[in-house]
C-alpha cells in the first residue's frame, strides 16, 4: 500500500516537472503583451515567471517582427495589386481574342454594362475595405510601439 502511494507522488512530481519544463522552454510564438504591460493568459504569466528576461526578449522580437510586417504591408499589397491587374489585363486580352474568333459568344451590351458597373462597385467596396484595414493596421502599429517600450523596459 505504501509503495502505491509513493508511486503516485512520483507520478505527480514527474507530471509537474513536465508541465514546468514545457512552460520553461516554450514560447507563445506571438505577442502576448497588452499595451498596459499585462500578459494575455495565465500560461504566459507562468512563462514569464519561469523564463524571466528570456520571455521579454522573445516578446521584444515578436513585437518588432509584427510591427515590421505591418509597416511593410502597403508595399506588399501594392505588389499584389500590380500582379492582379496584370492578370486581369491578360485575361481581358485573351477574352477579346476569343470574342473576335467567336463573335456569337460576345456578351450583349447590357451584360457588358452591368459587368462594368459590378467592377466599379467592387473597386468602391475594396477602397472602403482598404481604408478600414489601414486604420486597423495603424492602430496596431501604435499599440506595438507601446508594447515595445514595455518589453524593452522589462527585458533589461
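Values in this text are rule-based calculations from the coordinates and carry no lab data. A quick note: this is a predicted structure, and the numbers were derived from the prediction, not measured. Reconstructed Cβ throughout: ideal geometry from the backbone, glycine too, with neighbour counts over all protein chains shown.
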Inset, instruction - Go through 67-73, 36-42 and give me the packing order, highest mean Cβ count within 10 Å leading. - result: 67-73, 36-42
Legend entry - Förster radius 35 Å - calculated FRET efficiency between residue 113 and residue 142 (Cβ-Cβ, nearest 0.05): 0.20
Legend entry - Label point at residue 126 placed 7 Å out along Cα→Cβ; residues across region 79-97 whose backbone nitrogen lies under 15 Å: 79-92
Legend entry - Footprinting exposure proxy for 106, 8, 154 (fewest neighbouring C-beta atoms within 10 Å first): 8, 106, 154
Inset, instruction - Rounded, prolate or oblate: pick one for region 39-133, where a ≥ b ≥ c are the square roots of the eigenvalues of its C-alpha gyration tensor, a/c under 1.5 means rounded, and failing that, prolate if a/b is larger than b/c, else oblate. - result: prolate
Legend entry - Order of 152, 139 under a 10 Å beta carbon neighbour criterion, fewest first: 139, 152
